[in-house]
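As structure tokens, the structure follows; a few thoughts come after it.
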Amino acid sequence: MGEISMNSLPSELEINPSLEALRRMVTLGYNHLPSHLKPCFLYLSIFPEDFEIKRNRLVGRWIAEGFVRPKVGMTTKDVGESYFNELINRSMIQRSRVGIAGKIKTCRIHDIIRDITVSISRQENFVLLPMGDGSDLVQENTRHIAFHGSMSCKTGLDWSIIRSLAIFGDRPKSLAHAVCPDQLRMLRVLDLEDVTFLITQKDFDRIALLCHLKYLSIGYSSSIYSLPRSIGKLQGLQDFEHVPSTYIAALPSEISKLQCLHTLRCIREFDSDNFSLNHPMKCITNTICLPKVFTPLVSRDDRAKQIAELHMATKSCWSESFGVKVPKGIGKLRDLQVLEYVDIRRTSSRAIKELGQLSKLRKLGVMTNGSTKEKCKILYAAIEKLSSLQSLYVNAAGISDGGTLECLDSISSPPPLLRTLVLMEVLKRCLTGLSSSLT
């Protein structure tokens with residue numbers, strides 16, 4: 001009975017083609033899941049109906065929640081992905097988008113299966129999904145909460161017991177004054193990737209005080225331009241994803257204190273709408289009119305975005321790279337597996353050299369546009385040392401002679417596990433060393 005799978009669903013429905021039969025099959029499938037998969041499956045109820053769920057996002061949250069059990073000879077990421085594949089094979093979740101190499105990138109959960117998952121989650125007080133109609137009852141052992149839109153909790157909620165908070169869509173009425181109430185001191189997972197309201201610098205300064213945080217994801221809607229020094233206190237942080245765009249131009253030196261960090265993704269806005277040197281007259285005009293930003297004539301969100309753009313433009317020296325400057329000490333992050341995207345031009349030679357110390361790094365994205373050949377040679381020497389590297393992205397767009405990519409020929413011993421290589425620029429000669437490693 002332990003191997004009951006949703007794969008038997010079609011034959012069951014031929015015998016008893018009813019919604020009730022489907023519900024029984026799903027419930028039976030859940031009841032016979034191995035104990036390590038049950039919380040992982042119930043966790044899917046956090047996501048909205050018909051939502052496309054990224055594999056990395058789901059596995060990262062499982063790990064941060066402590067659902068993934070260590071196995072000898074495997075990283076926690078590998079174990080988490082094996083859980084994901086088990087749920088796929090049992091047809092509890094459906095594959096959605098598949099990468100070139102055949103690896104599943106995203107998944108979905110069938111609407112009916114999700115309804116049953118939500119029902120079980122509520123029965124077991126696993127997840128609180130505020131409905132806004134007063135029907136949501138807060139139990140003492142509720143640890144996870146997900147807001148879908150501006151729904152609000154009608155009953156009292158003890159924020160101090162919440163371990164994970166996810167928001168999809170509009171700002172919940174319960175969080176009208178602060179996206180992170182002061183009582184959220186035990187929060188481990190904060191997922192703001194799909195909010196449609198603006199996350200401000202003030203919001204992030206409060207987030208950086210959540211010392212137990214293990215997973216942090218922020219999406220499009222933000223005007224964050226600086227990581228506060230208090231980020232160094234989040235020493236349990238494993239995943240930090242601020243994508244797909246941010247106004248952050250540089251990472252502070254305190255980032256090197258995050259010894260547990262597995263994933264670090266920061267993609268800077270490529271250009272500033274208001275302070276771009278590509279549009280000098282607009283830049284001058286907006287700079288002269290900057291005091292207007294602090295008047296009632298400008299909305300709160302527009303004010304926050306213009307301030308963020310100005311910070312980004314000045315701190316990046318008007319760089320056109322969408323990478324960020326990484327500090328000296330980056331080599332201390334020995335557990336780091338994903339690092340995107342590093343602006344090589346603005347990063348010091350010492351910090352670039354330290355990239356070679358990231359022995360567990362699997363995925364690296366760098367921006368070499370505008371950097372010198374000397375820095376690029378240091379970079380490629382560091383890449384040679386990355387024995388676990390599987391994916392490399394190098395963007396040299398904007399360099400007319402393509403010189404920074406030509407230095408790739410200096411790599412005599414490419415990383416042995418390298419499978420994916422993305423190069424942005426016209427190549428002037430065949431990169432024989434790297435090509436042979438991808439056959």
Hits in the stretch 385-419 - residues which are modelled with pLDDT of 90 or more and either among the aromatic types (F, W, Y) or outside any loop (DSSP other than H, G, I, E, B) (or both): S391, L392, Y393, V394
Specify which of the listed residues (S119, S82) is farther than 30 Å from L336 by Cβ, among the small types (G, A, S) and not in a loop (DSSP other than H, G, I, E, B). S119
Condition (residue is in contact with a strand residue (DSSP E or B) (Cβ under 9 Å, 6 or more places away or on another chain), surrounded by 14 or more Cβ atoms within 10 Å (Cβ to Cβ) and part of a loop (DSSP other than H, G, I, E, B)) applied to the stretch 25-39: is it met by at least one residue? no
Given the conditions (1) within 23 Å of G236 (Cα to Cα); (2) free of Cβ contacts under 8 Å to residues at least 60 places away in the same chain, which single one is not true for K375? (1)
If you scan the stretch 331-356, which residues turn out to be part of a loop (DSSP other than H, G, I, E, B), under 23 Å from the mean Cα position of the chain (by Cα) and of a type in the set (K, R)? R334
Condition first: at pLDDT 85 or above, surrounded by fewer than 19 Cβ atoms within 10 Å (Cβ to Cβ) and not hydroxyl-bearing (S, T, Y). Can you find one or more residues in the stretch 171-182 that meet it? no
Which pairs turn up if I take residues in the stretch 383-397 that are of a type in the set (K, R) and look for partners that are surrounded by fewer than 16 Cβ atoms within 10 Å (Cβ to Cβ) with beta carbon separation below 9 Å, at least 6 apart in sequence or on another chain? K385/S359
Any hit, the stretch 65-76, residues being exposed (fewer than 15 other Cβ atoms within 10 Å of the Cβ), at pLDDT below 95 and of a type in the set (K, R): yes
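State yes or no: is Y215 of a type outside the set (A, V, I, L, M) and within 24 Å of I53 (Cβ to Cβ)?
Here the answer is yes, as Y215 does meet what is asked.
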R114 versus (1) assigned to a helix (DSSP H, G or I); (2) over 25 Å from R419 (Cα atoms); (3) free of Cβ contacts under 8 Å to residues at least 40 places away in the same chain; (4) under 24 Å from the mean Cα position of the chain (by Cα): which is the lone unmet condition? (3)
Of all residues in the stretch 99-119, how many are modelled with pLDDT under 90 and either among the aliphatic types (A, V, I, L, M) or in contact with a Leu (Cβ under 6 Å, 6 or more places away or on another chain) (or both)? 5
Restrict the check to the stretch 75-88 and report whether at least one residue is β-branched (V, I, T), more than 19 Å from I116 (Cα to Cα) and in contact with a Cys (Cβ under 9 Å, 6 or more places away or on another chain). no
Yes/no for P17 being out of contact with any Cys (no Cβ under 7 Å at 6 or more places or on another chain), surrounded by fewer than 20 Cβ atoms within 10 Å (Cβ to Cβ) and modelled with pLDDT under 85: yes
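The values are calculated or read from the model by the stated rules, or taken from the named source; none is laboratory data. Everything numeric here is computed off the predicted structure, so don't read it as measured data. Cβ sites come from the backbone with ideal geometry, for glycine too, and all protein chains shown count toward neighbours.
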